[in-house]
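The values are calculated or read from the model by the stated rules, or taken from the named source; none is laboratory data. Since this is a predicted model, take the numbers as computed values, not measurements. Here Cβ is always computed from backbone atoms with ideal geometry, including for glycine, and neighbour counts include all displayed protein chains.
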Amino acid sequence: MGCNNSNQNTNKPSEESTLRIKSTPKEDIKTKIIEAKIVLLGDVSVGKTSIASRYCKNSFNEHHINTIGGAYQQQKVVLNNGAMVKLHIWDTSGQERFRAMTNLYYRDAQVAILTYDITNEGSFNSIEFWINELKFKVENENMLLCLVGNKCDVNSNERKVMTNKGKNFAVEHNMIFFETSAKTGEGVKDLFVTIANKVYELLKNKN
């Protein structure tokens, strides 16, 4: 079954936005290297690590070891207008015993990808927990939020969370919405390219 995605707009930036750039004062924004920290949040086994590995390394390991604390990868995205965005991607553990240390990774992030497994309704219900975590522990009110339903390559009879349910939740919470398959790669690149474009727009509007 194919993956669906929807691009919902997010809060506009304020003067406190923490997006970082490397440039000289005379450079146009298109010539700057924009840097943004992305954190992946969600329950164990929703595929966060696999999504990051598929995007950064174009690889998939069905028997990966669960992340302890946080794992880091990075990738550069060249936008259609020539601007470059460097994404610093942090994958965090979804295990409850490591959640106390997880906020060390997401508290200074500009983007949060909240991930659930479309075959596991419990992982979707946990998204409320992660939203509340960000609400109470992150000072950046303009954080870009993305809701991602992973494993959309499964047969329709295995699906427990319908696409419209994910879309409606994303609209309610002002989030970008995507369905992805880390296994096949479907939707993964589009997710991160969309994020890179949104990060660029935020900085452009701020300036």
Please enumerate the residues belonging to segment 164-203 that are crowded, with 17+ Cβ neighbours inside 10 Å, closer than 30 Å to Lys32 by Cβ and touching a Phe, Trp or Tyr at 6+ places or on another chain (Cβ under 7 Å).
Ala170, Gly187, Val188, Leu191, Phe192
Among the residues listed as Phe192, Phe177, the single one being in contact with a Leu (Cβ under 8 Å, 6 or more places away or on another chain) and not in a helix (DSSP H, G or I):
Phe177
Just to be sure I understand the filter: pairs with C-beta atoms under 7 Å, separated by 6 or more residues or on different chains, first member in segment 137-155 and farther than 20 Å from Ala196 by Cα and touching a residue at least 60 places away in the same chain (Cβ under 8 Å), second member part of a loop (DSSP other than H, G, I, E, B) and among the acidic types (Asp, Glu). Which pairs pass?
Cys152/Glu186; Asp153/Glu186
Residues that are at pLDDT 90 or above: which helices (runs of 4 or more DSSP H) entirely in segment 43-143 hold 3 or more of them?
48-57, 121-125, 127-137
Flag for Asp108 being of a type in the set (Asp, Glu), touching a residue at least 60 places away in the same chain (Cβ under 8 Å) and more than 26 Å from Lys86 (Cβ to Cβ):
no
